[in-house]
Amino acid sequence: MNILQKIFSDHYEEMLYILHPRKVVIENVDRMINCGAPSFGGAMYVCPHCRNMKFVPFRCKSRFCPSCGIKYSQERSTSMAFKLIHCVHRHCVFTIDEDLRHFFFDDRSLLDCLFQAVRSVVLRMFHNLNKSKNFVPGFICVLHTFGRPLEWNPHIHCLISEGGFSDDGFWRTVNHFNYTLLRKSFQTALLNELESRIGPSFKKTKALIYRKDKNGFYVYAKPSLSDTDTVIKYVSRYLSRPAIALKRIDSYDGEHVTFHYNRHEDNAYVQKTLPALDFMQLLIQHIPEKNFKMTRYYGLYARHREKDKSLYKAIPKSKHQILLSFTKWRSSILLSFGYDPLNCPKCRHEMLLVELYYDHHRVSLKELYERAMAKAKCRSA
């Protein structure tokens, strides 16, 4: 049991009765607490040479779980990298006024407005380069609802190709981004989206925001990512990260949790101690609603036209299977800890899968296959 599982299992009942979490939160916390518990099932392997047996418990596959969340991030960043065009990319961050944050917290469906606003301003910026050619970039938007201190701070990270592809198959490199235009356009687009969703009651807030943020919302850029390897490493390390890594949790004494972060303004090291329940509240507020897409693809990375296939990809299809194999459970253990988990510890022969167990019950591979085929038939019907 890791330190996060210990914190939540110790204060689970308090969380239910004091914090009154959403249903999706309870589901994710339950799965995280029981992640790796043998009673919830697993796979039995046996060595054909010495008959040694090994039981590997199933993981919870929740994005909230620190261990499963890392694996999910690896898989997501890999699939993201497969879409990237071989060109320079720029990482832009679209932030909002603090006075707007509570709207997104109270009604999480409004988070869609952030995506729609970023999409409209980026496409408009490239369209204005030459309206007749209709230059379209490829860009990926990732929603983060957390800041480094874990407070509620929804913002969009956007990875944009420094170039656009026209309808007649011409590529135009774009090195200059007009950030003054982006700030004001993003502010206008977002406030209009919110007003259309919330209604006339939002007009007063909208007017206050315009008076307060006369230069628009803060939009800033990280350094341009020039080569393919840098882009892929950056995506996997930064854009796909969970709210907090286990290494940032320094201690837990049963009542209080101490964690650290580097302050964004000056990169100063900050250590913070909170009651366990307050720490849990900070984390569970970032669990997204079920089926809500935190990563979205736009422009060249969303459409599927024959002409777009002529663009040179950062990772050729011939390498996809190799990179996907690195995200598999066996390969991840080997790369992280330096040993093959399916090599027999006694005789070093490769162990074979013999049986699966689910919720205390033994399940044959044939039965699992029949269940999967039945579900597939129901979906296609």
Residues that are in a strand (DSSP E or B) and under 12 Å from residue 149 (Cβ atoms), drawn from the stretch 266-291: 270, 271, 272, 274
Residue in the stretch 358-367 that is at pLDDT 80 or above and either open to solvent by 50 Å² or more (accessible area, probe 1.4 Å) or closer than 18 Å to residue 45 by Cα (or both) present: no
The stretch 246-260 residues that are part of a strand (DSSP E or B), paired with ones that are of a type in the set (A, V, I, L, M, F, W, C) and open to solvent by 40 Å² or more (accessible area, probe 1.4 Å) (beta carbon under 6 Å, 6 or more apart): 249/3; 252/3
Of all residues in the stretch 180-222 being assigned to a helix (DSSP H, G or I), surrounded by fewer than 16 Cβ atoms within 10 Å (Cβ to Cβ) and of a type in the set (A, V, I, L, M), the one that is nearest to the chain's Cα centre (by Cα): 181
Test for residue 300: is it touching a Ser or Thr at 6+ places or on another chain (Cβ under 8 Å) and open to solvent by 50 Å² or more (accessible area, probe 1.4 Å): no
Filter result (in a helix (DSSP H, G or I) and either open to solvent by less than 40 Å² (accessible area, probe 1.4 Å) or in contact with a helix residue (DSSP H, G or I) (Cβ under 7 Å, 6 or more places away or on another chain) (or both)) within the stretch 308-322: 308, 320
Verdict on residue 177 being surrounded by 22 or more Cβ atoms within 10 Å (Cβ to Cβ) and farther than 30 Å from residue 279 by Cβ: no
Residues located in the stretch 109-148, provided they are under 26 Å from residue 209 (Cα atoms) and in a strand (DSSP E or B): 141, 142, 143, 144, 145, 146
Criterion: of a type outside the set (S, T, N, Q) and closer than 30 Å to residue 260 by Cα - qualifying residue of 124, 90: 90
Residues within the stretch 130-159 that are over 23 Å from the mean Cα position of the chain (by Cα), in contact (Cβ under 8 Å) with a residue 40 or more places away in the chain and surrounded by fewer than 15 Cβ atoms within 10 Å (Cβ to Cβ), tallied: 1
Filtered residues of the stretch 263-292 (kept if surrounded by 12 or more Cβ atoms within 10 Å (Cβ to Cβ) and of a type in the set (S, T, N, Q)): 273, 281, 285
Residue match in the stretch 278-292 (condition: closer than 25 Å to residue 8 by Cβ and over 22 Å from the mean Cα position of the chain (by Cα)): yes
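The values are calculated or read from the model by the stated rules, or taken from the named source; none is laboratory data. Nothing here was measured: the structure is a model prediction, and the numbers come from that model. Reconstructed Cβ throughout: ideal geometry from the backbone, glycine too, with neighbour counts over all protein chains shown. The accessibility values were calculated without ligands, DNA or RNA, using every heavy atom of the protein model including side chains. Shrake-Rupley method; radii C 1.70, N 1.55, O 1.52, S 1.80 Å.
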